[in-house]
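Novice: Let me give you the structure first, and then I'll get to my questions.
Values quoted throughout were computed directly from the atomic coordinates according to the rules given, and no laboratory measurement underlies them. These numbers come from a predicted model, not from an experiment. Every residue, glycine among them, receives a Cβ derived from its backbone with ideal geometry; neighbour counts consider all protein chains shown.
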Amino acid sequence: MDKTDKMNTARKARSKTNPDALLEKALDSFTLSQRETIRERFKSIPVSFRRRYIKVLKGKSRPLAVESFCCECMGWGKVPEEIKNCTSPACSLYLYRPYQ
Ligand code: SF4
């Protein structure tokens with residue numbers, strides 16, 4: 001294996017775990033205009049929350065979708081404490097929020 005092959009192999013390995021590449025894969029089931037909207041939102045999400053958001057986009061977990069929404073609602077701050085101590089019982093997600 002020459003140097004170029006090694007670089008290509010490393011690039012492929014990185015792309016499998018790269019959040020941007022994972023996002024593009026998750027966007028397959030969305031229309032072109034929806035994809036643009038999602039990409040814009042993705043940029044505003046802190047890096048540490050992006051993998052969770054990608055899983056939500058794949059539609060695999062409703063609890064994770066609720067958690068992701070609550071995280072965003074709380075401004076991506078001190079997530080477990082702030083969601084646990086949410087002060088909005090009128091919110092539709094209040095009884096379903098994580099970390100209760
Ligand atoms: S339950 Fe609380 S933290 Fe979750 S979305 Fe509603 S207001 Fe925000």
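Novice: Between the helical axis of 62-73 and the dominant principal axis of the chain, each derived from Cα atoms, what acute angle in degrees is found, rounded to the nearest 10?
Specialist: The two axes meet at around 80 degrees.
Novice: Can you compute the charge dipole magnitude of the chain about its Cα centre, using +1 on each Lys and Arg Cβ and -1 on each Asp and Glu Cβ, nothing else charged? Give it in debye, rounded to the nearest 20. Write down the numbers at each step before the final one.
Specialist: Values: 21 positive and 11 negative charges, 76 e Å.
I would put it at about 360 debye.
Novice: Taking region 46-78, which trypsin sites (Lys or Arg not before Pro) meet the DSSP loop condition and have no more than 11 other C-beta atoms within 10 Å? It would help to have the intermediate numbers written out before the result.
Specialist: Working: sites: Arg50, Arg51, Arg52, Lys55, Lys58, Lys60, Lys78; in loops: Lys58, Lys60, Lys78.
The qualifying sites are Lys60, Lys78.
Novice: Between Ala90 and Thr31, what is the label-point separation in nm under the 7 Å Cα-to-beta-carbon projection?
Specialist: 3.3
Novice: With θ set to phi - 60°, apply the Karplus curve 6.51 cos²θ - 1.76 cosθ + 1.60 along region 32-37 and write out the HN-Hα couplings as whole Hz, x wherever there is a Gly or Pro.
Specialist: 4, 5, 5, 4, 5, 4
Novice: Report, in degrees rounded to the nearest 10, the 0 to 90 angle that the Cα long axis of helix 47-57 makes with the longest principal axis of the chain.
Specialist: Approximately 80 degrees, to the nearest 10.
Novice: Right, next: Please work out whether the chain counts as rounded, prolate or oblate from its C-alpha gyration tensor, where a ≥ b ≥ c are the square roots of the eigenvalues and a/c under 1.5 means rounded, while otherwise a/b larger than b/c means prolate and anything else oblate?
Specialist: Values: a/c = 3.02, a/b = 2.13, b/c = 1.42.
Note, shape of the chain comes out prolate.
Novice: Of Phe49, Leu64, Pro19, which is farthest towards the positive pole of the chain's charge dipole, taken about the Cα centre with +1 and -1 on the beta-carbons of Lys, Arg and Asp, Glu respectively?
Specialist: It is Pro19, whose Cα lies furthest towards the positive end.
Novice: Given only helices, namely DSSP H runs of n ≥ 4 each adding -39500 (n - 2.57), what is the per-residue ellipticity at 222 nm of the chain, to the nearest 500 deg cm²/dmol? List each step's numbers first, then the result.
Specialist: Working: 6 runs with 65 residues, N = 100.
One gets -19500 deg cm²/dmol as the mean residue ellipticity at 222 nm.
Novice: While we're here: Taking the number of other C-beta atoms within 10 Å as the exposure measure, put Glu67, Glu72, Glu81 in order starting with the fewest. Provide the component values of the computation, followed by the final result.
Specialist: Details: Glu67 21, Glu72 15, Glu81 10.
Going from sparsest to densest Cβ surroundings: Glu81, Glu72, Glu67.
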